[in-house]
1. Could you go through the stretch 74-88 and let me know if any residue there is among the polar types (S, T, N, Q), modelled with pLDDT under 95 and more than 16 Å from the chain's Cα centre (by Cα).
2. Determine whether Q81 is part of a helix (DSSP H, G or I), within 21 Å of A132 (Cα to Cα) and polar (S, T, N, Q).
3. Out of the residues in the stretch 108-141 that are over 19 Å from Q56 (Cβ atoms) and in contact (Cβ under 8 Å) with a residue 24 or more places away in the chain, which is surrounded by the fewest Cβ atoms within 10 Å (Cβ to Cβ)?
4. Of everything in the stretch 133-162 that's farther than 25 Å from H239 by Cα and part of a helix (DSSP H, G or I), which residue is farthest from the chain's Cα centre (by Cα)?
5. Could you tell me which residue of the stretch 51-73 is nearest to the chain's Cα centre (by Cα), considering only residues that are in contact (Cβ under 8 Å) with a residue 60 or more places away in the chain and in a helix (DSSP H, G or I)?
6. For the stretch 192-230, how many residues are in contact (Cβ under 8 Å) with a residue 12 or more places away in the chain and basic (K, R)?
7. Please go through the stretch 113-151 and pick out each residue that is out of contact with any Leu (no Cβ under 7 Å at 6 or more places or on another chain) and among the small types (G, A, S).
Amino acid sequence: MKTKTVVLLVLVVLGLVSLMSWSIAADKEPLALAQFDEEAAQCRRLVRDYCASVQQMATEPQLDKAEQKKGLALLGDASGQWKAIQQKYADNPPKEYAADVTFKARLQDFANALEDMQKALAAGQARRSMMACGYGCGLFVSMHEDNGLTYALDSLFHLRKVMKTAGAVMKTRGLAGVQAILPSLTQKRDVVLLSPLPWAEDDQRLKPYQDALKQVSQAFDEWVLAVTSGNAAEAGKHHKRLMDLINNAYTLVL
């Protein structure tokens, strides 16, 4: 009788151990990529709002204290959200990142960028904080592309970056300097148009985004025509409008 009781207890214990092991394994199932992307996007929206504010602060001769306070609040919220993301995903990434041994470090890189933004702004160094913001956004692009993931948002990031460069070239070297880089600029515009759509066809967010892309493409062509015709005034006007439209599309997709 005692032997049977001992055997029964052993079987119960083994069953409990097996159940616990299964439960732990289930908890470690890779989380969905879409879930990670959405949680990251929520944090990035706060950073986007901050970036818009700090870009304006960086151009002003004196720091706007009210904007500084607002910016620090946005960064504080973003840092809190990102810390939660790190705790949730750092040791349990989506399967698309399973082979990336630097995934955990990449998450910390963005946390460091947020910290740099906060420290610089708190010290009244708006331009330095703005540069850290641009670096932080670029970290996501690198993480996606290094893992073979293609996002419309990243394509727009590249287009916006090269168009900012084109604006600087117009000021320093004139339209002749811009004409030399038009082929590469056009290629970046085409990549945006060919990128996978960020949502399903029945998603209500899709049409406004597609309309925004059409406006970007049309404005880009108008800008190119102004550049190639040598009309500096028209090129400048179209470039400003094009940047506004790119930023609008970027905001919609984020």
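The values are calculated or read from the model by the stated rules, or taken from the named source; none is laboratory data. Since the structure is predicted, the reported quantities are computational estimates derived from the model, not experimental observations. We place every Cβ from the backbone using ideal geometry, glycine too, and count neighbours over all the protein chains shown.
1. In the first step, residues of the stretch 74-88 are kept if they are among the polar types (S, T, N, Q); the result is 79, 81, 86-87.
Applying the additional criterion that residues be modelled with pLDDT under 95 yields none.
Within the stretch 74-88, not a single residue is among the polar types (S, T, N, Q), modelled with pLDDT under 95 and more than 16 Å from the chain's Cα centre (by Cα).
2. Details: part of a helix (DSSP H, G or I): yes; within 21 Å of A132 (Cα to Cα): yes; polar (S, T, N, Q): yes.
Judged against the criteria, Q81 is a match.
3. The extreme case among them is E115.
4. The initial filter retains those residues of the stretch 133-162 that are farther than 25 Å from H239 by Cα, namely 136, 139-140, 142-150.
Now restrict to residues that are part of a helix (DSSP H, G or I): 136, 139-140, 142-146.
Values: G136: 8, L139: 8, F140: 5, S142: 10, M143: 10, H144: 10, E145: 12, D146: 14 Å.
Residue satisfying both the conditions and the ranking: D146.
5. Across the stretch 51-73, the extreme among qualifying residues is C51.
6. 1
7. Our first condition is that a residue be out of contact with any Leu (no Cβ under 7 Å at 6 or more places or on another chain); within the stretch 113-151, this holds for 115-116, 119-120, 123, 125, 127-128, 130-135, 137-151.
Within the stretch 113-151, A120, A123, A132, G134, G138, S142, G148 qualify.
For (1) among the hydrophobic types (A, V, I, L, M, F, W, C); (2) under 30 Å from L33 (Cα atoms), each residue gets a yes or a no:
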{"residue": "K161", "(1), (2)": "no, yes"}
{"residue": "A180", "(1), (2)": "yes, no"}
{"residue": "R189", "(1), (2)": "no, yes"}
{"residue": "K207", "(1), (2)": "no, yes"}
{"residue": "D221", "(1), (2)": "no, no"}
{"residue": "A235", "(1), (2)": "yes, no"}
